[in-house]
Amino acid sequence: MKKLVYSVDECASVLGVSRSHVYRLVNDGRIKSIEIGNRKVIPISSLEDLLKTKINLSSPIDNADIQSSIDDSQTKEIESDKSG
């Protein structure tokens, strides 16, 4: 199944910024979020819109590339935890 939303942590990882920065982007209205229960989630389409605006892309962002970026950062975190 295709992923439709990212958690704030996943979004921060994809963008290479802190969680608090993602919350600022949400509060400023630059990224749309959805509240599900007590969680905020970021629709992938909202993240794509931000990236298109920032780097002026004419072609759509590939969700597989974004997911790969998340997987890579999570692998690095796990390896860091094992070595630390």
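The values are calculated or read from the model by the stated rules, or taken from the named source; none is laboratory data. Just so you know, these numbers come straight off a predicted model, no measurement behind them. Ideal geometry is used to build each Cβ from the backbone, glycine not excepted, and the neighbour counts take in all protein chains shown.
A few notes on this one:
- Applying the criterion of at least 2 residues that are exposed (fewer than 13 other Cβ atoms within 10 Å of the Cβ) to the strands (runs of 3 or more DSSP E) found wholly in region 1-52 leaves 34-36.
- Residues of region 55-72 include none that is outside any loop (DSSP other than H, G, I, E, B), touching a Cys at 6+ places or on another chain (Cβ under 7 Å) and at pLDDT 65 or above.
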